[in-house]
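Comments concern the structure below.
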Amino acid sequence: MIYWNETKDRIDCNFCKTPRYKQFKGESSSSMETSKIPAKVFRYFSLIPRFQRLFMSSKTSTQMRWHAEGCTRDGVMRHPADSIAWNFFDELHPSFSQDPRNVIFGLASDGFNPFKSMSISHSTWPVVLVPYNLPPWLCMKQPYMILSIIIDGPRAPGNDIDVYLRPLIDELKELWVGVDTYDVSNNHMFQMRASLLWTISDFPTLDNLSGYGVKTRYPCPCCLTKTKFLRLRNGRKYGFMSHRRWLPNGHKFRKDKVTFNGFKELEVASKRLSGIEVLEQLKDINNKFGKGPSTKSNKRKWNDFDHVDDAVLQNLWKKKSIFFELDYWKDNMIRHNLDTMHIEKNVFDNIFWTLLNIDGKGKDNLNSRLDLQEMGIRKALHPKKRANGKYYLPPACFTLSNAQKEMLLQVLRDVNVPDGYASNISHCVNIKQRTMHGLKSHNCHILMQQLLPFAL
């Protein structure tokens, strides 16, 4: 819990009775109460005055109407205002959309280690808000990004992030009704309203924000129990093979058995749940935050999900997200977005380390070859056991010799790009060790989309 509103004067937790303030060794409970050193702190920056401040400048107050007055409606996606989700929201809430000064914004959050050392046990989670009223060349710039919450500590907030979002949700409820705001461009007061359009996160954070457990063998919030999974016994992972369901009927990939998992794909794509359908699934869920006393090891065994009854299958949600307290949240067409740059970096890393055959990073190894053999596909890649008991892995079509790896890295080291287009990729290349290091998400984007095909 947080000490907020009606609980601001409590000196211990309402659930586990943990003291609010630190108690040092040798101190009594009375001295602990007067020390006023909190056991944990998170920082919240009020949202309403910062939205109001955008209308106190003659420049930004005019720009806050750009999505309605300056956006070109020609069917091209240049701004969130061009999206179907935005237009769907406007149709459902005409009283909100009739005033272009009402603020529509997105919420983004992720964790990082501020000390640049993964060995240090510390995690910082900022929650950033982006007002979409502004034109695209301003809304994603740093001066207009609103830092709302900073959560720091030895561990990530995880499922308990709803506890920290409580002050923000309370202000969003107030903003949905409206607050008096002065508009300097029109020189009068008006009722400013604001609504949250969606969240943006990577896939693990989607688990925390939406409340759906993505770390099971049913990780897809769209497919739910219809997720097609395969247990890879050698790689000790779950594989998800039926992505071709989302291709149009009659697409040539649907009938391609050799390139994929050895089967034709005849099923149709799963229907995405609406907010009302999600609420129906969440009606019997009671939120419980906090770790609580541990009775046994939380380490999951690999056969934990081998015997799952129907009751567990229907209870894949870990909590009812705090965002559903907003009156309009259930009506939003898209409530949670995945950050493409995170996903693209992971895809690039897997491809590039596999090409360079880096031990421990590449995906082409003995276990993956044994899984192919067990699945009965791509027989040319099946490992061959020698007389001494060791395995020989036949080269694949993407296998590069040492000379080819050096040639690939030489091209990437010598490439020149315009100023501001990407960082200096040559600094990341190490030809002697035949590897790369220090690649950022934007570098991976440039390499994946444009440079890697030319280098290959």
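Taking 0.36 nm per residue of separation and subtracting the Cα-Cα distance, full extension of the segment from A85 to N113 would add 6.7 nm. According to the Cα-based calculation, Rg over Rh for the range 118-264 is 1.11, with Rh computed by the Kirkwood formula. Annotation for Y144 and R231: the two label points, set 7 Å from Cα along the Cα-Cβ direction, are 5.2 nm apart. Expressed as a whole percent, the proportion of Cα-Cα pairs in the range 177-264 lying more than 21 Å apart is 59%.
So between D99 and D74, what do we pick up on full extension, going 0.36 nm a residue minus the alpha carbon distance?
This chain segment gains 6.8 nm when fully extended.
Note: relative contact order over the chain, using C-alpha pairs below 8 Å and six or more positions apart, is 12 percent. For helix 166-177, report the angle its Cα long axis makes with the longest principal axis of the Cα atoms of the chain; keep it between 0 and 90° and round to the nearest 10°. For 166-177 against the chain, the angle is about 60 degrees.
On the basis of the beta-carbon distance and an R0 of 56 Å, L247 and V177 show a calculated FRET efficiency of 0.80.
In this structure the range 404-456 gives 63 Å² per residue of accessible area when probed at 1.4 Å with all protein chains present.
Taking all pairs of different Cα atoms in the range 1-114, averaging 1/r and flipping that mean, what Kirkwood radius in angstroms comes out?
Taking every pair of different Cα atoms in the range 1-114, averaging 1/r and inverting gives 19.1 Å.
Over the range 135-197, Cα pairs under 8 Å with separation of 6+ residues give a relative contact order of 21 percent.
With only Cα atoms counted, the range 94-182 has Rg and Dmax values of 16.1, 52 Å. As a quick test, which of the pairs K291/K318; K361/K432; K228/K257; K8/K319; K283/K330 have an alpha carbon distance above 20 angstrom in this structure? Exceeds cut-off: K8/K319.
Note on Y21 and V417: the model spin-label points, each 7 Å out from Cα along the C-beta direction, lie 5.3 nm apart. Its Cα gyration tensor gives the range 370-436 an equivalent ellipsoid. The semi-axes, each the square root of 5 times an eigenvalue, are 37, 15, 10 Å from largest down.
The apolar share of the surface of the chain, taken as the fraction of accessible area on carbon and sulfur atoms (1.4 Å probe, ligands and nucleic acids excluded), comes to 55 percent.
For the range 330-456, the orientation-averaged shadow of the C-alpha convex hull comes to 12.1 nm² (one quarter of the hull surface). Charge tally for N443 (other residues, Cβ to Cβ under 12 Å; Lys, Arg +1; Asp, Glu -1): 0. Report, ordered by chain and residue number, the lysines lying within cross-link reach of K141, taken as a straight Cα distance under 16 Å and ignoring same-chain residues fewer than 8 apart. By straight Cα distance, K141 reaches K59.
Values (1) 26.6, 92; (2) 26.2, 88; (3) 25.4, 78 are given for comparison; Rg and Dmax of the Cα atoms in Å, derived from the coordinates here, is the one labelled (2).
L366 to R53: FRET efficiency via 1/(1 + (r/R0)^6), r the Cβ-Cβ distance, R0 60 Å, to the nearest 0.05?
With R0 = 60 Å, the Cβ-Cβ based efficiency is 0.50.
Cross-link reach is defined here as a Cα-Cα straight distance under 18 Å, omitting same-chain residues fewer than 8 places apart; for K252 the lysines meeting it are K264. Across the range 55-201, C-alpha contacts under 8 Å between residues 6 or more apart give a mean separation that, scaled by the residue count, equals a relative contact order of 29 percent.
The values are calculated or read from the model by the stated rules, or taken from the named source; none is laboratory data. The model shown is predicted, which means the values in this text are computed figures rather than measured ones. All Cβ positions, glycine included, derive from the backbone under ideal geometry; neighbour counts span all protein chains shown. Heavy atoms of the whole protein, side chains included, go into the accessibility calculation; ligands, DNA and RNA do not. Shrake-Rupley method; radii C 1.70, N 1.55, O 1.52, S 1.80 Å.
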